[in-house]
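Here the structure comes first, spelled out in structure tokens, and everything after it is commentary.
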Amino acid sequence: MRYVEYDSNNSGGSWWLTDENWYALEKAGWRIKWNRLATISDKDGNMVRGSDGLPLLVDPSDPRVNDYNRRTATERWLGALAMKAYRIGFTLREAVKEWETITGLNSTDAGCPCCGQPHDFYEYEDGKQVDSGPSATYSCSWEDE
């Protein structure tokens with residue numbers, strides 16, 4: 001199963017997606033990893049996936065959730081409702097293009113050089129990462145060099 005994961009970063013001290021952006025992504029077919037949900041790991045520490053290939057998202061009271069994932073599940077984290085979203089059946093570039101259309105944001109925004117870029121996308125095939133991007137680079141130089 002192919003899917004793309006979007007990972008949001010609090011770059012420059014604020015989240016770049018609004019609550020409305022997350023709801024719009026969900027309405028368009030993206031699966032949102034709301035912060036109030038938890039993931040499950042198997043005994044080897046691997047993420048448990050559902051029949052659709054995506055990480056299994058459950059209520060933190062589920063007995064399969066480890067203590068760390070239970071403690072970190074909260075309605076908002078640093079003000080954000082969510083930090084990850086998944087799109088099934090799309091290539092990396094298809095998913096990014098759709099994400100940009102829905103959110104009105106630019107996937108290549110570099111963000112803050114100390115905090116990192118605000119948007120990361122990863123493509124998975126059968127649970128293994130096969131692509132990622134875009135990548136921000138930061139540089140500094142003297143103008144006369």
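A short reminder: the numbers here are calculations on the coordinates, not readings from a lab. Note that the coordinates shown come from a computational prediction; the quantities given were computed from them, not determined experimentally. Here the Cβ is made from the backbone with ideal geometry for all residues, glycine too, and neighbour counts use every protein chain on show.
Remarks
- In the elastic network of the chain, a GNM with C-alpha springs shorter than 10 Å, the most mobile of TYR122, TYR86, TYR23 is TYR23.
- Count, lysine Cα pairs under 23 Å in the chain, 8 or more residues apart or across chains: 10
- Using only the C-alpha atoms, the convex hull of the range 12-145 corresponds to 155 Å³ per residue.
- Across all Cα pairs in the range 1-75, the calculated P(r) in 5 Å bins from zero up to the longest distance comes to 3, 13, 21, 23, 20, 14, 5, 1 percent per bin.
- Folded to 0 to 90 degrees: helix 92-103 orientation relative to the chain principal axis, Cα: 80 degrees
- Unpaired by the 4.7 Å Cβ criterion, cysteines found in the chain: CYS114, CYS140
- Listed peptides 43-55, 72-84 by packing density, highest first (mean Cβ within 10 Å): 72-84, 43-55
- Calculated [θ] (222 nm, deg cm²/dmol) that DSSP helices of n ≥ 4 give over the chain, each run adding -39,500 (n - 2.57): -5500 deg cm²/dmol
- Sorting 12-21, 88-97 by their mean Cβ neighbour count within 10 Å, with the most densely packed peptide first, gives 88-97, 12-21.
- The range 75-124: C-alpha gyration tensor shape, a/c 1.5 cut-off, then a/b vs b/c: oblate
- If the chain linking VAL130 and LYS43 were pulled fully straight, counting 0.36 nm for each residue of separation and taking away their Cα-Cα distance, it would gain 28.9 nm.
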